[in-house]
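Participant: What follows is a single structure, and I will ask about it in a moment.
The values are calculated or read from the model by the stated rules, or taken from the named source; none is laboratory data. No experiment lies behind these values; they were computed from the predicted model shown. Cβ atoms come from the backbone with ideal geometry, glycine included; neighbour counts cover every protein chain shown. Protein only, heavy atoms only, side chains kept; ligands, DNA and RNA dropped before computing areas. Shrake-Rupley method; radii C 1.70, N 1.55, O 1.52, S 1.80 Å.
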Amino acid sequence: MKALVLLSGGLDSSTCLALAVQEYGKENVLALSLYYGQKHEREIQAAQSIVSHYGVEWRRIDVAELFEGADCTLLKGNADVPAQSYSEQIAEAGGKPVSTYVPFRNGLFISIATSVALSNKCGVIYYGAHKDDAAGNAYPDCSEAFHDAMAKAVEQGSGECVVLRDPFIDKTKSDIVRIGLSIGVPYEKTWSCYNGGEKPCRKCGTCRDREKAFALNGQRDPLLKEQP
């Protein structure tokens, strides 16, 4: 069987790719990266680096036009990404998704991935949502309920030819780092920061979560080794 992995170039999806390669072999893994109009291409560049490291096939698709007009701070032309923790953002959002939520992004990405999977004879799709992102309804398309609904839709809509798999749906980011470290994921090649600078900003929600996840595993994020 072949596997398709939705690969952003971030920590979570890169760990998914490593798991897929471990299970199916690099010759049976297709990585799919989707550009959606984010303010920088650091993640896409990281995805290319991860793909080169593992030696898997790579497809890139531009879907930026689909998000034109969206009020999302990750997208070009919109307000700056908040320099806040997710807990602070969740409190301000009052139960609504946070400002970095891209409207139904995972739903769209999984749908596209299913079409690509069927066209390339891939029987399983990996993606890397985890329970930290679903907390407080920050990213509703990262919840277990969302995953279960999409998994059923993928199975039925593909004629039971494709299975949707999220190995981290019930895990935290620190769990993901622990798993990744155990299988040698080259985290120094990944990129998580929502800002596209030379170095991670360490202020946005995802930077804070990433740094904490490494710390909980007794490690320092390899992207921060040169920073005090």
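Participant: For the range 112-161, what are the residues that are at pLDDT below 95 and not in a helix (DSSP H, G or I)?
Facilitator: Matches in the range 112-161: 138 only.
Participant: For residue 166, indicate whether it is touching a residue at least 40 places away in the same chain (Cβ under 8 Å) and either open to solvent by 30 Å² or more (accessible area, probe 1.4 Å) or of a type in the set (Lys, Arg) (or both).
Facilitator: no
Participant: Identify all residues within the range 27-43 that are basic (Lys, Arg) and touching a strand residue (DSSP E or B) at 6+ places or on another chain (Cβ under 9 Å); write none if there are none.
Facilitator: Result: 39, single match.
Participant: Let me ask you something else. If we keep just the residues of the range 102-148 that are of a type in the set (S, T, N, Q) and over 16 Å from the mean Cα position of the chain (by Cα), which is farthest from residue 4 (Cα to Cα)?
Facilitator: By that ranking, first place goes to 137.
Participant: Scanning for something of a type in the set (Gly, Ala, Ser), surrounded by 18 or more Cβ atoms within 10 Å (Cβ to Cβ) and part of a loop (DSSP other than H, G, I, E, B), does the range 98-108 turn up at least one residue?
Facilitator: Looking for residues that are of a type in the set (Gly, Ala, Ser), surrounded by 18 or more Cβ atoms within 10 Å (Cβ to Cβ) and part of a loop (DSSP other than H, G, I, E, B), one finds at least one in the range 98-108, hence yes.
Participant: Just wondering, is there one or more residues in the range 56-67 that are open to solvent by less than 30 Å² (accessible area, probe 1.4 Å), more than 15 Å from the chain's Cα centre (by Cα) and free of Cβ contacts under 8 Å to residues at least 24 places away in the same chain?
Facilitator: Checked the range 56-67: no residue is open to solvent by less than 30 Å² (accessible area, probe 1.4 Å), more than 15 Å from the chain's Cα centre (by Cα) and free of Cβ contacts under 8 Å to residues at least 24 places away in the same chain.
Participant: Sticking with this structure for a sec: As an exercise: evaluate residue 208 against (1) assigned to a helix (DSSP H, G or I); (2) without any contact (Cβ under 8 Å) to a residue 12 or more places away in the chain; (3) touching a Phe, Trp or Tyr at 6+ places or on another chain (Cβ under 8 Å); (4) among the charged types (D, E, K, R) and give the number of the one condition it does not meet.
Facilitator: Going through the list (1) assigned to a helix (DSSP H, G or I); (2) without any contact (Cβ under 8 Å) to a residue 12 or more places away in the chain; (3) touching a Phe, Trp or Tyr at 6+ places or on another chain (Cβ under 8 Å); (4) among the charged types (D, E, K, R), residue 208 breaks only (2).
Participant: For the range 33-50, does any single residue satisfy the condition of being more than 21 Å from residue 196 (Cα to Cα), of a type outside the set (Phe, Trp, Tyr) and open to solvent by 40 Å² or more (accessible area, probe 1.4 Å)?
Facilitator: Looking for residues that are more than 21 Å from residue 196 (Cα to Cα), of a type outside the set (Phe, Trp, Tyr) and open to solvent by 40 Å² or more (accessible area, probe 1.4 Å), one finds none in the range 33-50, hence no.
Participant: Return the only residue of 183, 179 being open to solvent by 20 Å² or more (accessible area, probe 1.4 Å), touching a Lys or Arg at 6+ places or on another chain (Cβ under 9 Å) and farther than 24 Å from residue 38 by Cα.
Facilitator: 179
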